[in-house]
Amino acid sequence: MSSWTRPVDVSHPRVWHTFEARDPNGNRLVRYRVQDLPDDRVDEAIEHMKTFFLRDEPMCSSVGLDKDPVALEEFSQMWQTIAKQRVAIVCFREGSDEIVGLNMLTVVSRSESSKQLKFESVGLQTVYDSYVGMLKQADLFEKYGVEHYLSAWGLSVAPKYRGRGIATELLRARIPICRALGFRLTVTLFSTPGSQIPAAKVGFYDEIVVTYKQLAEQGYDFPGVTYEFNKLMSMTVD
């Protein structure tokens, strides 16, 4: 996490990005917006992440986090802390307040990067430790000479809105966010081709690439994951 606080001159909630995509009920193009997650929608957003992200993300589902009451509570607490930074974003369809998708963005600071989180859930600890191991290998603060960067703890699109490029647009919104908040770097772990391809399309590059077999050899076993590569990817923003 981070002690970083959002500048007072950057209003909240702010719309960061708009785009057109197909309506969920047909092929008609409609307008969508990506904006800051409003404070009064945080609890609903966390329920969305618990329902869809933990079920669908292969590392989390592999170790059963969606069915682990301890992990569900610990993730809820972590997402509540993240939401207080006021950088998490949500996508809405024009004329509707239904959550289309979410990206639980968070700021990571050099001053606190050495702190290691400890969880009661063994599965959550495995996911976290494997991610931290890749971050240590990448040594991002030294490589890019930054004090903070924008990261994320989960991206999810509601099932009825999938196949419309929503994830790509949520990732694209990081560019204006980084510019407005003064971040030159954004970094995220992408665990499947379904997230790695949209990330590359937006401008992310591979930092660290490992196979799930290699992770298992390092003690981070994710049984049943059929994808080959896990990627830590970054994007610099001018």
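Some notes on this structure:
- When the range 61-94 is filtered for residues that are open to solvent by 50 Å² or more (accessible area, probe 1.4 Å) and either free of Cβ contacts under 8 Å to residues at least 60 places away in the same chain or closer than 15 Å to Gly154 by Cβ (or both), the ones remaining, listed by number, are Lys67, Pro69, Val70, Glu73, Gln77, Gln80, Thr81, Lys84.
- Taken over the range 12-40, residues that are farther than 15 Å from Ile99 by Cβ, open to solvent by 60 Å² or more (accessible area, probe 1.4 Å), at pLDDT 95 or above and part of a loop (DSSP other than H, G, I, E, B) amount to 1.
- Whichever residue in the range 135-146 is touching a strand residue (DSSP E or B) at 6+ places or on another chain (Cβ under 6 Å) and either open to solvent by 20 Å² or more (accessible area, probe 1.4 Å) or more than 16 Å from Met235 (Cβ to Cβ) (or both) and, among such residues, is modelled with the lowest pLDDT: Gln137
- Only listed residue being hydrophobic (A, V, I, L, M, F, W, C), within 15 Å of the chain's Cα centre (by Cα) and farther than 30 Å from Phe92 by Cα, chosen from Val132, Val157, Val210: Val132
- Residue match in the range 157-174 (condition: in a strand (DSSP E or B) and among the small types (Gly, Ala, Ser)): no
- A Cβ distance below 6 Å, combined with a sequence gap of six or more or placement on separate chains, defines the contacts here; from the range 188-200, residues that are in a helix (DSSP H, G or I) reach residues that are open to solvent by 20 Å² or more (accessible area, probe 1.4 Å) in the pairs Gln196/Lys231; Pro198/Ala167.
- Among residues of the range 16-28 that are over 13 Å from Cys91 (Cβ atoms), those with a Cβ under 8 angstrom from a residue that is part of a strand (DSSP E or B) and open to solvent by less than 30 Å² (accessible area, probe 1.4 Å), sequence gap 6+ or separate chain, pair up as Arg22/Val30; Asp23/Val30.
- Subset of the range 186-238 that is under 26 Å from Pro176 (Cβ atoms) and of a type in the set (Gly, Ala, Ser) - its residue that is surrounded by the fewest Cβ atoms within 10 Å (Cβ to Cβ): Gly194
- Filter pass, Leu150 being crowded, with 17+ Cβ neighbours inside 10 Å, touching a His at 6+ places or on another chain (Cβ under 9 Å) and not in a helix (DSSP H, G or I): no
- Pairs, first hydrophobic (A, V, I, L, M, F, W, C) in the range 32-59, second open to solvent by 50 Å² or more (accessible area, probe 1.4 Å) and assigned to a helix (DSSP H, G or I), C-beta under 9 Å, six or more apart: Val34/Arg172; Val42/Gln80; Ile46/Gln80; Phe52/Pro159; Leu54/Lys67
The values are calculated or read from the model by the stated rules, or taken from the named source; none is laboratory data. Bear in mind that the values here come from a model prediction, so they are computed numbers and not experimental data. We place every Cβ from the backbone using ideal geometry, glycine too, and count neighbours over all the protein chains shown. Only protein heavy atoms, including side chains, enter the accessible area calculation; ligands, DNA and RNA are left aside. Shrake-Rupley method; radii C 1.70, N 1.55, O 1.52, S 1.80 Å.
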